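Coordinate-derived values only; no laboratory data. Given the structure is predicted, the values throughout are model-derived calculations rather than measurements. Glycine also receives a Cβ, built like all others from the backbone with ideal geometry; neighbour counts cover every protein chain displayed.
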Amino acid sequence: MTLRTIDSLGPLAGTRVVVRCDLNVPLKDGVITDDGRVRASVPTLTALVEQGAKVIVISHLGRPEGAPDPKYSLEPVAVRLGEVLDAPVSFATDTVGEDAAAKVAALGDGEVLVLENLRFNPGETSKNEAERTAFAGQLAEFADSVVSDGFGVVHRKQASVYELEQLRPSAAGLLIAAELDVLDRLTENPERPYVVVLGGSKVSDKLGVIEHLLPRVDALLIGGGMLFTFLAAQGHKVGSSLLEADQIDTVKGYLADAAERGVDIVLPTDVVVAASFSAEADHQVAAADAIEETPFGASGLGLDIGPDTAAAFAERVRGAKTVFWNGPMGVFELAPFADGTRTVASALIEVEGLSVVGGGDSAAAVRQLGFDESAFGHISTGGGASLEFLEGKKLPGLEVLGWQ
Ligand code: ADP
Ligand code: MG
């Protein structure tokens with residue numbers, strides 16, 4: 001079965017449509033530092049506005065603890081949404097309380113209202129199904145139908161993602177449909193060579209995806225913090241770099257499995273080693289098997305892949321027909337350690353085929369380094385969700401929309 005589409009909801013003019021978006025953007029001192037998710041929500045909202053629906057947008061922001069917390073108010077996000085939609089967007093100062101009820105009742109056809117952060121209500125993320133269903137019931141009071149479009153949360157069994165969709169006629173929005181279209185192309189007969197680039201901070205976050213992808217890819221390129229656990233598995237010393245000692249045996253298993261299957265696990269031959277975790281720290285390039293032979297000795301920190309590795313990775317990426325990239329190659333937030341990520345991102349742009357960037361920090365890295373997003377085949381708005389999809393897991397927020 002495939003996803004139910006917005007069309008399946010029938011004519012929507014004059015009806016109240018609650019749209020579950022993922023407007024969980026990074027904020028610094030109340031200012032949105034990356035509005036990618038706000039912009040990604042536009043196609044669905046515009047389509048509903050053009051149909052003359054009364055559009056009620058719901059989302060979470062950050063991790064407030066089930067109670068109002070001004071730090072996590074969606075108000076600045078509602079303002080930004082008005083700017084990108086180029087239309088007036090009103091805002092309710094609560095989610096299911098008096099202000100929300102009054103503003104929903106006053107909403108005109110083709111108008112947009114954003115309700116306050118879902119997670120100001122304990123029912124949204126409660127482990128208790130009855131509590132989630134009760135909160136979903138309050139949200140459903142505002143809805144003639146529900147459109148689910150928060151791809152970043154479809155792997156979560158939460159009231160607005162899972163229970164609400166069962167209480168009213170519901171369908172997937174255009175963002176979820178587009179994300180699945182691309183992820184499907186990565187799982188169903190990807191064009192070869194199929195190269196996956198993995199980085200980021202921890203191997204333990206990515207075990208499921210490594211395991212699932214190993215039999216399916218032609219090459220797996222390993223950068224980021226996780227590369228040191230791979231180097232350690234090969235018997236190399238890694239100084240004070242990020243190392244998950246308890247994963248060394250698992251990683252040894254992957255290396256053996258890959259060798260048996262004829263899949264290349266490509267590991268760095270050089271890394272950038274720094275004296276400390278700082279943009280001002282002394283740093284130099286070292287061979288991957290001689291990290292402790294820099295002047296920093298055993299206290300050296302590997303914070304990026306080296307230039308030879310970056311060039312080799314870029315060549316593998318450019319030669320591929322399908323590429324999935326998750327996880328920055330180094331600590332790109334600090335300028336001296338962003339080169340590896342920059343080089344790999346540049347290569348992704350040149351891929352003649354499908355190139356997909358998945359992962360919140362990876363997407364942020366691409367934007368922060370000044371790349372034009374449209375140059376990539378696809379930048380997923382959902383890190384965890386896209387990884388779990390690629391792991392072959394069943395995602396509750398998709399199942400509830402008819403996906404199997
Ligand atoms: P994504 O959100 O794209 O899935 P992750 O959350 O797994 O990515 O990892 C992102 C983080 O990994 C970044 O903040 C980056 O600084 C960090 N990182 C990358 N390389 C290293 C490294 N060598 N040492 C420590 N942290 C690293
Ligand atoms: Mg992340």
Subject >> Label zone at Ala105, where the point sits 7 Å out along the Cα-to-Cβ direction: segment 144-183 residues whose backbone N lies under 17 Å >> reply: 144
Subject >> Positive-pole candidate from Gln234, Leu183, Leu401, dipole of the chain, charges at beta carbon >> reply: Leu401
**OP:** Provide the per-residue ³J(HN,Hα) series for segment 82-96, in order, calculated from phi with Karplus coefficients 6.51, -1.76, 1.60 and θ = phi - 60°, each as a whole number of Hz, with x at glycine and proline positions.
**Re:** x, 5, 6, 7, 6, 8, x, 10, 8, 9, 9, 7, 9, 9, 10
Subject >> Distance histogram in 10 Å bins (all Cα pairs of segment 6-174, percent per bin) >> reply: 11, 44, 38, 7, 0
Original post:
So for the pair Ala279, Asp264, with labels modelled 7 Å out along Cα→Cβ, what separation do we get in nm?
Top reply: 3.5
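Could you give the length gained on full extension between Ala311 and Glu350, defined as 0.36 nm per residue of separation minus the Cα-Cα distance, in nm? Present the calculation step by step, with values, prior to reporting the outcome.
Numbers: separation 39, 0.36 × 39 = 14.04 nm, distance 1.37 nm.
The span from Ala311 to Glu350 would gain 12.7 nm if fully extended.
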**OP:** May I ask which residue of Val272, Ala311, Val19 lies farthest towards the positive end of the charge dipole of the chain, with charges of +1 (Lys, Arg) and -1 (Asp, Glu) on Cβ and the Cα centre as origin?
**Re:** Val19
**OP:** Working from Cα positions, state the angle (0 to 90°, nearest 10) between the long axis of helix 248-261 and the longest principal axis of the chain.
**Re:** 80
Original post:
Counting other Cβ atoms within 10 Å, which GluC sites (Glu not before Pro) in segment 117-215 have at most 15 and lie in a DSSP loop?
Top reply: Glu141, Glu188, Glu191
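Note the full-extension length gain between Asp34 and Asp69 as 0.36 nm times their separation in residues minus their Cα-Cα distance, in nm to one decimal. Please list the in-between numbers first.
On the way: separation 35, 0.36 × 35 = 12.60 nm, distance 2.10 nm.
Extra length from Asp34 to Asp69 when fully extended: 10.5 nm.
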**OP:** Just round it to a whole percent: the fraction of Cα-Cα distances in segment 106-230 exceeding 22 Å.
**Re:** 55
Original post:
Considering the zone a paramagnetic label at Ala335 would reach in this model (a point 7 Å from Cα along the Cα-to-Cβ line), which residues of segment 263-296 have amide N under 20 Å from it?
Top reply: 272-285
**OP:** Quick one: give the max-minus-min coordinate of the C-alpha atoms of the chain along each principal axis, largest first, in Å.
**Re:** 69, 44, 39
Subject >> Rounded to 10°, Cα long-axis angle of helix 129-140 versus longest principal axis of the chain >> reply: 60
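Suppose every Lys and Arg Cβ carries +1 and every Asp and Glu Cβ carries -1, with no other charges. What dipole size does the chain come out with about its Cα centre, to the nearest 20 debye?
Details: 32 positive and 58 negative charges, 122 e Å.
The dipole magnitude comes to about 580 debye.
Using DSSP to define loop residues, name the GluC sites (Glu not before Pro) in segment 246-344 whose beta-carbon has at most 11 other beta-carbon atoms within 10 Å. Before the final figure, lay out each step's value.
Details: sites: Glu260, Glu280, Glu292, Glu293, Glu315, Glu333; in loops: Glu280, Glu333.
Hits after loop and neighbour filter: Glu280.
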Original post:
Assigning unit charges at the beta carbon (Lys, Arg +1; Asp, Glu -1) and nothing else, what dipole magnitude in debye, to the nearest 20, does segment 307-390 show about its Cα centre?
Top reply: 120
Subject >> Whole-angstrom gap from segment 236-276 to segment 348-404, using each part's C-alpha centre >> reply: 24
